[in-house]
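Asker: Structure incoming, see below.
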Amino acid sequence: MDRFETRELEYVVALADELSFTRAAERLGIAQPPLSRAIARLERRLGAVLFDRTSRRVTLTPAGELLAAEARALLSRMDGVADRIRLSDRERPLVVAVRPATGSGLLAEVLAGWSGAEVRLRLGRQPADAVRAGAADLALTCQTDDRAGLESVELVEQPTVALVAAGHPLAAHSRLTTAQVRAADGFLANCPDQPLDGIADLVLLQQAVVLVSRDAAARAGVADLRAIPVVDAASTVLCFSWAADPARHPDLPAFVARAVRLGSRAADLAAQLD
């Protein structure tokens, strides 16, 4: 039997998700008849029925469920091929995945005196996933993140603060609890996926109240923002995480070592100030 075509795998996944030839065709940007014919041809080649069709509904057969699961896994791996090819070039930039409003001060220090390869930051809510997918060399993670399958080193521990506008009712407090912060107007459980300046603007306009590390609050550097300690919130332990890959970026070890040194120095200074 001939190998599967990428197009066939995409068709199977779309139909398995939608369970409607009409909706699947719309999602794929094709007409319904070609989709129906392609699925029928694939079933004939495999000698197995993938989808049961009636006038009312479409359902997956056991064979269809198996192929849909395998197709998703194959397509997911293929999506990262271009990124991994780019990352294999030793002259390429060092790509660091980072969650918005996380570790901004430490990263700025590391970058300020860095003389190695160009460093590019990739913002996203799941930085470890970017490393697993081959889209980043290194992830700035928190100790509580899922770092399964990655090597990690701790950098620094930072207290958690609530970032609020000076005119917000919470700004009158010197300390807060997580319950107070979560009950506040504008509280966002997740920081928006945008640079720290953008997050600061949302807070200043009293459209957001967010929990961030003390370091991130200091980096915001805006007079009309308040960073208020949250007494019962766990501290943020920042880590660098990377894939155990012999073909990793040649400058990765030096970049990590520099961050470890600066993180230790920041922790010592914080202890003196406290």
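What follows draws every value from the coordinates through simple rules; no lab data is involved. These numbers were taken from a predicted model, which means no experiment stands behind them. Using ideal geometry, Cβ is built from the backbone for each residue, glycine included, and neighbour counts are taken over all protein chains shown.
Asker: I need the Debye-formula profile for region 1-130: one equal scatterer per C-alpha, no solvent, reported as log10 I(q)/I(0) at q = 0.09, 0.11, 0.12 1/Å, two decimals.
Answerer: -0.45, -0.59, -0.65
Asker: Enumerate the whole-percent occupancy of each 10 Å bin, from 0 to the last occupied one, for all C-alpha pair distances of region 47-188.
Answerer: 9, 24, 23, 19, 16, 7, 1, 0
Asker: Return the percentage of antiparallel bridges among DSSP beta bridges fully within the chain, rounded to the nearest 5 %.
Answerer: Antiparallel bridges: around 70 percent, rounded to the nearest 5.
Asker: Something else about it: Build a GNM of the chain with springs between Cα atoms under 10 Å: which of ALA63, ALA166, ALA257 gets the top mean-square fluctuation?
Answerer: Top of the fluctuation ranking is ALA63.
Asker: Can you order the peptides 44-50, 92-98 by their average number of other Cβ atoms within 10 Å per residue, highest first?
Answerer: The packing order, highest mean first, is 92-98, 44-50.
Asker: Sort VAL209, VAL81 so the one with the fewest other Cβ atoms within 10 Å of its own Cβ comes first.
Answerer: With the fewest neighbours first, VAL209, VAL81 line up as VAL81, VAL209.
Asker: Mean Kyte-Doolittle hydropathy of -1.0 or higher plus an axial Cα length of 27 Å or more: which whole DSSP H helices in the chain meet both?
Answerer: 252-273
Asker: Something else: Using Cα pairs under 8 angstrom and six or more residues apart, how large is the relative contact order of the chain, in percent?
Answerer: Computed value for the chain: 21 percent relative contact order.
Asker: At q = 0.22 Å⁻¹, what log₁₀ I(q)/I(0) does a Debye calculation on the Cα points of region 6-79 give, no solvent, two decimals?
Answerer: The calculated log intensity ratios at q = 0.22 Å⁻¹ are -0.98.
Asker: Which value, in debye to the nearest 20, gives the size of the charge dipole of the chain about its Cα centre, when Lys and Arg are +1 and Asp and Glu are -1 at the Cβ?
Answerer: About 640 debye.
Asker: I'd like to know which of VAL210, PRO100, ALA38 lies farthest towards the positive end of the charge dipole of the chain, counting +1 on Cβ of Lys and Arg and -1 on Cβ of Asp and Glu.
Answerer: ALA38
Asker: In addition: Between (i) 45, 26, 15; (ii) 25, 24, 18; (iii) 30, 21, 17, which entry matches semi-axes √(5λ) of the Cα gyration tensor in Å as derived from the coordinates of this structure?
Answerer: (i)
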